[in-house]
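The values are calculated or read from the model by the stated rules, or taken from the named source; none is laboratory data. Model, not experiment: these values are computed from the prediction. Every residue, glycine among them, receives a Cβ derived from its backbone with ideal geometry; neighbour counts consider all protein chains shown.
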Amino acid sequence: MKVLFDANVVWDVLLKRPGFAASALALAKVPEPWISALSIANICTIVGRSKRDRISGPLDDMQRKLQIAPVSGITISCAVNLGFADFEDALQVAAAEENRVRHLVTRNLTDFRSTAKVEVLSVSELLEKLPID
């Protein structure tokens, strides 16, 4: 199962936020976790204002554990056509569509909507879909 994780879910894991253990569980259980290149850029900018010594750990973790969905001109055109109020959220869905990632997981369900190609889920909804070990 391919799943693109929105930056807010990855943040929960990187920052080890109390009360968000389900985010870490979801990332660990998904056979093919993805993140968009846009999310990586946003996370690294916030973590260290792009200073390599501050972002190297989180960046290495993300690159080692997650597939990266590029953001291309096609992604941008698709995002514009989606007509979301928040363009960044539209880019996430468009990146998932372009890479044939069927599910996108976020904590921000109010700003996202599913498309014919991508189902938007919360962490708990994703965990319900995953096989029980």
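Consider Ile76 carefully, then state whether it is at pLDDT 95 or above, over 16 Å from the mean Cα position of the chain (by Cα) and farther than 21 Å from Arg17 by Cα. In short, yes.
From the list Lys129, Lys117, exactly one residue is more than 15 Å from Asp6 (Cα to Cα), modelled with pLDDT of 95 or more and of a type in the set (D, E, K, R). Which is it? Quick ask: steps written out before the conclusion?
On the way: Lys129 fails: modelled with pLDDT of 95 or more.
Of Lys129, Lys117, the one residue that is more than 15 Å from Asp6 (Cα to Cα), modelled with pLDDT of 95 or more and of a type in the set (D, E, K, R) is Lys117.
Please report, ordered by residue number, the strands (runs of 3 or more DSSP E) entirely within segment 54-133 with at least 1 residues that are touching a Phe, Trp or Tyr at 6+ places or on another chain (Cβ under 8 Å) and surrounded by fewer than 16 Cβ atoms within 10 Å (Cβ to Cβ).
Values: elements: 67-69, 103-105, 119-121.
Correct list: 67-69.
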